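Peer 1: Below are the structure tokens for one structure; questions will follow.
The values are calculated or read from the model by the stated rules, or taken from the named source; none is laboratory data. Because the structure is predicted, anything quoted here is derived from the model rather than measured. Please note: Cβ atoms are built from the backbone with ideal geometry, for glycine as well, and neighbour counts cover all protein chains shown. Side chains included, ligands, DNA and RNA excluded: accessible areas come from the protein's heavy atoms. Shrake-Rupley method; radii C 1.70, N 1.55, O 1.52, S 1.80 Å.
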Amino acid sequence: MTLRIAYVVAGLAIGGAWAYGRDMPLWEHALRLCVIVVVVPPVLHLVRRRLRRPAARHLPLRQLVLAKVLLVLGAVAVELLLEPLTAGASLITAAALAAVVALGGPSWHRNRHGAAGPPRTP
């Protein structure tokens, strides 16, 4: 799967998770999304390794976790700003999350890829 397609799929999944939880309290919703974006990718990587499928090169973990937490905090801020203005704040935030990940993810990845060092061999 190409990098761009991977980020589009990830963006749609993250945006979908945000839209799905629109009826729960915002703090609970944000915490759940943080768990999803921080825990699921390493688990998928372990599954791929166990199945002996080639895994993508890792980005620096600290930077990756920080970027994901900041993404969720940004979504919380956007939703808090939009709530008094529109009833669809959660859906607008979900669409914005999907767009940011799908459009900004590949360039962020390429910029950070050089910082990850040489590829690891399994």
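Peer 1: From (1) in a helix (DSSP H, G or I); (2) open to solvent by 40 Å² or more (accessible area, probe 1.4 Å); (3) over 22 Å from residue 110 (Cβ atoms), pick out the condition that doesn't hold for residue 5.
Peer 2: (3)
Peer 1: Okay, next question. Mind counting the residues in the range 10-20 that are free of Cβ contacts under 8 Å to residues at least 24 places away in the same chain and farther than 21 Å from residue 44 by Cβ?
Peer 2: Of the residues in the range 10-20, 0 are free of Cβ contacts under 8 Å to residues at least 24 places away in the same chain and farther than 21 Å from residue 44 by Cβ.
Peer 1: Identify, from the list 72, 76, the residue that is closer than 14 Å to residue 37 by Cβ, more than 13 Å from the chain's Cα centre (by Cα) and at pLDDT 90 or above.
Peer 2: That would be 76, the only listed residue that is closer than 14 Å to residue 37 by Cβ, more than 13 Å from the chain's Cα centre (by Cα) and at pLDDT 90 or above.
Per-residue answers, yes or no, for (1) open to solvent by less than 70 Å² (accessible area, probe 1.4 Å); (2) over 19 Å from the mean Cα position of the chain (by Cα); (3) of a type in the set (Phe, Trp, Tyr); (4) at pLDDT 75 or above:
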| position | (1), (2), (3), (4) |
| --- | --- |
| 81 | no, yes, no, yes |
| 84 | no, yes, no, yes |
| 93 | yes, no, no, yes |
| 111 | no, no, no, yes |
| 115 | yes, yes, no, no |
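Peer 1: Looking at (1) at pLDDT below 85; (2) under 18 Å from the mean Cα position of the chain (by Cα); (3) not charged (D, E, K, R), which one does residue 54 not meet, given that it meets all the others?
Peer 2: Unmet for residue 54, out of (1) at pLDDT below 85; (2) under 18 Å from the mean Cα position of the chain (by Cα); (3) not charged (D, E, K, R): (2).
Peer 1: Any idea how many residues of the range 34-50 are out of contact with any Lys or Arg (no Cβ under 9 Å at 6 or more places or on another chain) and either open to solvent by 70 Å² or more (accessible area, probe 1.4 Å) or in contact (Cβ under 8 Å) with a residue 24 or more places away in the chain (or both)?
Peer 2: 8
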